[in-house]
Amino acid sequence: MWLTSALALAAAGLLGLLLAVLPGRLRPLALADLAFLVRAWRCRRRLLHGKAGALSLAQRFGRLCRARPQRVFLRFEERSFTYGQAERQSNRVANALLRLPDGQPPLLPGQTVALLVGNEPTFIWAWIGLAKLGVVPAFLGTALRRGALLHCVRTCGARAVLVAHELFEAVEPILSSLEEMGVAVWVLGKGPYPPHVTGLQDLLEKASEEPVPFELSTPGSLSDTCLYIFTSGTTGLPKAARISHLKSIMCLGFYQLVGASRSDVIYVALPLYHMAGSLLGVIGTLGLGATCVLKKKFSASQFWPDCRRHHVTIFQYIGELCRYLVNQPQSPSDREHTLRMAVGSGLRPDVWREFLRRFGNLTIVETYGMTEGSVSLFNYTGAVGAVGRASWLYKKFVPFELVRYDVLRGAPFRDKAGRCQRVKRGEPGLLISPVTPQTPFQGYAGGRELSESKLLHGVFANRDTYFNTGDLMVQDKCGFVSFWDRTGDTFRWKGENVATTEVGEILGSLDSLLEVTVYGVTVPGHEGRAGMATVVLKPGQEFDGDQVYTHVVELLPPFARPRFLRIQEHLELTDTFKQKKVRLADEGFNPTLISDPLFFLDDAAKSYVPLTHGVWEGIAAGHVRL
């Protein structure tokens, strides 16, 4: 995934020789490249060589927990769990699921179970318990409801849904559909529950804490699917990305790569149903033998008190969380903490600088990666604004290219021969990575067309294939790579990808709307883009802000709800009848510049209310919360 050992050592030796001839100003960067290369080689060697090389993630979990049974693995609210307790709790889940009530077919290795649990220790016990049975967990977003939730269960081919008692209300409206699909529903609670729903509390209380048979969790190959993580793509509804055993195992080394150690205390407030929270946060902590402080939900007001209370040394972030923190009122105790490092992605340069000014000169390691992609970047030198550093040497092991991209066509430029064109240093380009046996693309569950939509063929040669990340990047002359923008119909808001196709389809299902186009707009002082929709009303219809609000709140998660609406008499189309979004996005939501009626999603009023000049000025000044 990152390196091959022999080539890495040879390259490291070559780099060492080059240090003697490099100009003085470039030597610190070359030394940083060398240090990261050596760290990555050691990490890969530790994870993939020797007797442990063929073990699955579940098997490694048990082995690592048994090696340090008394050490604290997890802190959650007022409770702490040692590594030994984590192993026993996951064994209890596995044993309970081996003894399902009569009439239910047994769980078999290779089957899929959808997991709908929030940020709590039970998520980890259930995840690893399923994995110890050789079952493939599929992580469901806790904000999914009705059609989107049913789509995810169907897409991953789930045999059952394992749901927390607190989230059963999300599943209850689709019980009849799940029964028709032959999907069982198991609740981590006592009940009572409706017919055909199994409460697992009694089984869990009686279940053994001894390990289940080892061979159940032995994969046929490390390239087999270990779990599914849903990711919103340009096709609309969430897609189930296949995560291989190899990729999961390599995440054990994530924190080692960035320079963490066993003595660190790592703060994780990101959703566990995303890769950043589960595989990087929890599994990265496991790989170190460190302690994870898990939060049910991020709170800017509780963050620093939590850090002081638990002696947190590492914070795993997305950029929006850091913005929340710097927007908190300044305090004399801002620098009274033990935090030494922040690791994550999406940190805006201005927030980055303010974070360091406010809270001290700690190390920030900005990274880049995709759930389903093979390219990963690490800014291990701390250069403000860069998502990673890609020296000529790094690209030998993590190959990628930046190619010219046509925003209007929504595709890479091709020359007369049909080949893509690499960009020059300093020029934005679409980030793509080669698909090879060494850098595979596992694809998505479901139809082949889902995976094919992310691939580019004949990029530089007749039979080559590249993975399209959908991200525009810029690389400067020193090798630093910076994020530029999202392409196509997807943008990021609140740390989540928002697929405009899905939002448009849901809005368009309202009887009063004739046409809908959805896009992202920049908002002063905010990361990413907020959702905005331009709509055309059906003849004779009037805009009903209460109705639209109720519709989007019921059917869309908070991050996907359009914050702004614009009403037009008709939508402008291209010659090929595609909606023109670029101009709309550029015009934004400023009522001074736009004569069309504008509306703003007001949660307090539970309605879309007119977007006045006063409201716009409050948003621009940061006084109105989005």
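Quick notes
- Residue within the range 349-371 that is basic (Lys, Arg) and either in contact with a Cys (Cβ under 8 Å, 6 or more places away or on another chain) or closer than 22 Å to residue 27 by Cβ (or both) present: no
- Set side by side, the residues 363, 371 differ, and just one is open to solvent by 40 Å² or more (accessible area, probe 1.4 Å) and of a type in the set (S, T, N, Q), which is 363.
- Meets criteria (in contact (Cβ under 8 Å) with a residue 40 or more places away in the chain and either buried (at least 17 other Cβ atoms within 10 Å of the Cβ) or more than 18 Å from residue 238 (Cβ to Cβ) (or both)) for residue 185: no
- Elements of type helices (runs of 4 or more DSSP H) in the range 263-373, at least 1 residues being of a type in the set (Val, Ile, Thr) and over 25 Å from residue 57 (Cα atoms): 319-326, 349-359
- Scanning the range 476-488 finds no residues that are within 21 Å of residue 563 (Cβ to Cβ), of a type in the set (A, V, I, L, M, F, W, C) and open to solvent by less than 20 Å² (accessible area, probe 1.4 Å).
- Taken together, the residues in the range 192-203 that are farther than 20 Å from residue 95 by Cβ and open to solvent by less than 60 Å² (accessible area, probe 1.4 Å) amount to 3.
- Residues of the range 432-468 that turn out to be buried (at least 17 other Cβ atoms within 10 Å of the Cβ), among the aliphatic types (A, V, I, L, M) and either in contact with a helix residue (DSSP H, G or I) (Cβ under 6 Å, 6 or more places away or on another chain) or more than 19 Å from residue 239 (Cβ to Cβ) (or both), as a count: 2
- Some residue of the range 104-118 being surrounded by fewer than 22 Cβ atoms within 10 Å (Cβ to Cβ), at pLDDT 95 or above, closer than 29 Å to residue 269 by Cβ and within 19 Å of the chain's Cα centre (by Cα): yes
- Filtered residues of the range 426-440 (kept if at pLDDT below 95 and not in a strand (DSSP E or B)): 426, 427, 428, 436, 437, 438, 439, 440
- Within the set 162, 175, 222, 252, the sole residue that is part of a loop (DSSP other than H, G, I, E, B) and open to solvent by less than 60 Å² (accessible area, probe 1.4 Å) turns out to be 222.
- Residue selected from the range 87-103 under the condition surrounded by fewer than 15 Cβ atoms within 10 Å (Cβ to Cβ) and either of a type in the set (D, E, K, R) or in contact with a Cys (Cβ under 6 Å, 6 or more places away or on another chain) (or both), by the criterion modelled with the highest pLDDT: 99
- Considering only residues in the range 492-529 that are among the hydrophobic types (A, V, I, L, M, F, W, C) and over 21 Å from residue 230 (Cα atoms), the one that is surrounded by the most Cβ atoms within 10 Å (Cβ to Cβ) turns out to be 518.
- When residues of the range 390-411 are limited to those that are open to solvent by 20 Å² or more (accessible area, probe 1.4 Å) and assigned to a strand (DSSP E or B), the one nearest to residue 36 (Cα to Cα): 401
- Of all residues making up the range 65-91, the number that are under 28 Å from residue 297 (Cβ atoms) and touching a Gly at 6+ places or on another chain (Cβ under 7 Å): 4
- Residue 481 being aliphatic (A, V, I, L, M), over 29 Å from residue 599 (Cα atoms) and in a strand (DSSP E or B): yes
- Consider the range 325-350 and keep the residues that are open to solvent by 70 Å² or more (accessible area, probe 1.4 Å) and closer than 17 Å to residue 299 by Cα. The one that is modelled with the lowest pLDDT is 327.
The values are calculated or read from the model by the stated rules, or taken from the named source; none is laboratory data. Bear in mind that the values here come from a model prediction, so they are computed numbers and not experimental data. Because the Cβ atoms are built from the backbone with ideal geometry, glycine has one as well, and the counts that use them run over all protein chains shown. With ligands, DNA and RNA removed, areas are computed over all heavy atoms of the protein, side chains included. Shrake-Rupley method; radii C 1.70, N 1.55, O 1.52, S 1.80 Å.
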